[in-house]
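Trainee: Handing you this structure, nothing more for now.
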Amino acid sequence: MDIPYAVEARRDTGLTNGKIGIWLFLASEVMLFGALFASYILIRTGSPSWPRGDTILSVPMATFNTLVLISSSVTMVMAWASLMRHRFETFRMYMGATILLGLVFLVVKYFEYSEHIHAGEVPSHSNFLAIYYTLTGLHMLHVAGGMAVNAYFWGPGAKLWKTNPEWFTNRVEHSGLFWHFVDLVWIFLFPTLYLL
Amino acid sequence: MDTTTTDHAADIDRHVRVYITVFASLMVLTIVTVGVSRFHFPVPVAVTLALLVATVKGTLVACYFMHLISEKKLIIAIMALTVVFFLVLVALPILTVSDGLGIHG
């Protein structure tokens, strides 16, 4: 039995179920990160002193990671555009680049975390580090999750392209929406934690 | 290649040009964010500037990479409602401090 409204839009919403589903999920994600941003504001405004992020964290590493994540967003959208033009091999190239850029982000983050942990700067060290690890840790989990989904569409999930290219294109678009959201969260995390 | 296919291809080409422009803008704005932070403005000014640039960048990502600018009204309504709730959520701790109930009150 086929999944209904995976390709054709529903008459009541004018959207496919997948499209409305991913946007509702992203709305819940906004509230999840919103709760953590609110916690950050509460802890920071309630603290007698608060360090500037650049006195503890590495701004060059984070700037590099910001550029990496923005680049991965453009390769993701280019992967979807390639499918829209029925260029499957180009899609694989861009999707592969997106996954690799995600990996670069995580590797840089690993070095950043290692540096702090070796210096004894663990979450229990200060409120600043506690909220830093919480926010960036949750964000890293999202990067890893997005990479896993993208890797599935790059590899075994790509079989769908042969049998139902429109559905596959929609699925890649939905995966892309999640990936862009992960980029969007980092765009706010970067100045909040590293520069202020 | 028929006319519809040509139009579709031209449409995607136009989209790709927009993606490249947005990408370049995001790169420049990232450098601007880091550059501004080096001036060591007072905290309220620094927060306002950093969040202003981040909001512009976030809007570019949402509107063009996530195609929110050309999305159906239902999606825009869902996200607008989410943004309202998000703003209430982050405003609550600020209000708690500013009305004298916080530690510094």
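Let's see how each residue does on (1) of a type in the set (Gly, Ala, Ser); (2) surrounded by fewer than 19 Cβ atoms within 10 Å (Cβ to Cβ):
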| position | (1), (2) |
| --- | --- |
| A:Leu26 | no, no |
| A:Phe33 | no, no |
| A:Thr45 | no, yes |
| A:Pro48 | no, yes |
| A:Ala62 | yes, no |
| A:Ala79 | yes, no |
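Trainee: Just checking, does the stretch A:93-112 include any residue being within 12 Å of chain B (Cβ to nearest Cβ), within 21 Å of B:Thr33 (Cα to Cα) and in contact with a Phe, Trp or Tyr (Cβ under 9 Å, 6 or more places away or on another chain)?
Mentor: Scanning the stretch A:93-112 turns up no residue that is within 12 Å of chain B (Cβ to nearest Cβ), within 21 Å of B:Thr33 (Cα to Cα) and in contact with a Phe, Trp or Tyr (Cβ under 9 Å, 6 or more places away or on another chain).
Trainee: Residues of the stretch A:21-42 being facing another protein chain (nearest Cβ under 7 Å) and closer than 14 Å to B:Ile75 by Cβ, which ones?
Mentor: Within the stretch A:21-42, A:Trp23, A:Leu24, A:Ala27, A:Val30 meet the criteria.
Trainee: Every residue in the stretch A:1-29 that is part of a helix (DSSP H, G or I) and of a type outside the set (Val, Ile, Thr), please.
Mentor: A:Asn17, A:Gly18, A:Lys19, A:Gly21, A:Trp23, A:Leu24, A:Phe25, A:Leu26, A:Ala27, A:Ser28, A:Glu29
Trainee: Next question. All but one of (1) over 30 Å from A:Ser82 (Cβ atoms); (2) facing chain A (nearest Cβ under 8 Å); (3) surrounded by 14 or more Cβ atoms within 10 Å (Cβ to Cβ) hold for B:Leu26, so report the exception by its number.
Mentor: Among (1) over 30 Å from A:Ser82 (Cβ atoms); (2) facing chain A (nearest Cβ under 8 Å); (3) surrounded by 14 or more Cβ atoms within 10 Å (Cβ to Cβ), the lone unmet condition for B:Leu26 is (1).
Trainee: Collect the residues in the stretch A:48-73 that are in a loop (DSSP other than H, G, I, E, B) and either at the interface with chain B (Cβ under 8 Å from one of its Cβ atoms) or among the aliphatic types (A, V, I, L, M) (or both), keeping them in residue-number order.
Mentor: A:Pro48, A:Ile56, A:Leu57
Trainee: Within the stretch A:83-92, take every residue that is buried (at least 16 other Cβ atoms within 10 Å of the Cβ) and within 17 Å of A:Tyr152 (Cα to Cα) and give me the one that is nearest to the other protein chains (Cβ to nearest Cβ).
Mentor: Ranking the qualifying residues of the stretch A:83-92, first place goes to A:Leu83.
Trainee: Filter the stretch B:49-93 down to the residues that are at pLDDT 95 or above, in the same structural domain as B:Ala24 (by TED's automatic domain parsing) and small (Gly, Ala, Ser), then identify the one that is farthest from B:Leu26 (Cα to Cα).
Mentor: B:Ala62
Trainee: If I ask for residues that are of a type outside the set (Asp, Glu), free of Cβ contacts under 8 Å to residues at least 24 places away in the same chain and either surrounded by fewer than 13 Cβ atoms within 10 Å (Cβ to Cβ) or within 11 Å of chain B (Cβ to nearest Cβ) (or both), which ones from the stretch A:8-20 would you list? Working first, answer last.
Mentor: Of all residues in the stretch A:8-20, those of a type outside the set (Asp, Glu) come to A:9-11, A:13-20.
Pick out the ones that are also free of Cβ contacts under 8 Å to residues at least 24 places away in the same chain and you get A:9-11, A:13-15, A:17, A:20.
A:Ala9, A:Arg10, A:Arg11, A:Thr13, A:Gly14, A:Leu15, A:Ile20, listed by residue number.
Trainee: Of everything in the stretch B:38-85 that's facing chain A (nearest Cβ under 7 Å) and among the basic types (Lys, Arg), which residue is nearest to B:Tyr19 (Cα to Cα)?
Mentor: Among those that are facing chain A (nearest Cβ under 7 Å) and among the basic types (Lys, Arg), it is B:Lys57.
Trainee: Let me ask you something else. Considering only residues of the stretch A:143-169 that are among the polar types (S, T, N, Q) and over 13 Å from A:His86 (Cα atoms), which is surrounded by the most Cβ atoms within 10 Å (Cβ to Cβ)? Walk me through it before giving the result.
Mentor: Step one: of the stretch A:143-169, the residues among the polar types (S, T, N, Q) are A:150, A:163-164, A:169.
Checking the rest, the ones that are also over 13 Å from A:His86 (Cα atoms) come to A:150, A:163.
Values: A:Asn150: 24, A:Thr163: 8.
Only one residue fits best here, namely A:Asn150.
Trainee: List pairs: first in the stretch B:3-16 and among the hydrophobic types (A, V, I, L, M, F, W, C), second modelled with pLDDT of 80 or more and surrounded by 10 or more Cβ atoms within 10 Å (Cβ to Cβ), Cβ under 6 Å, 6+ apart or cross-chain?
Mentor: Qualifying pairs under 6 Å: B:Ile12/A:Ala81; B:Ile12/A:Met84; B:Ile12/A:Arg85; B:Val16/A:Ala81.
The values are calculated or read from the model by the stated rules, or taken from the named source; none is laboratory data. Keep in mind the model is a prediction, meaning the values are calculated, not measured. As a convention, Cβ positions derive from the backbone with ideal geometry for all residues, glycine included, and neighbour counts pool all protein chains shown.
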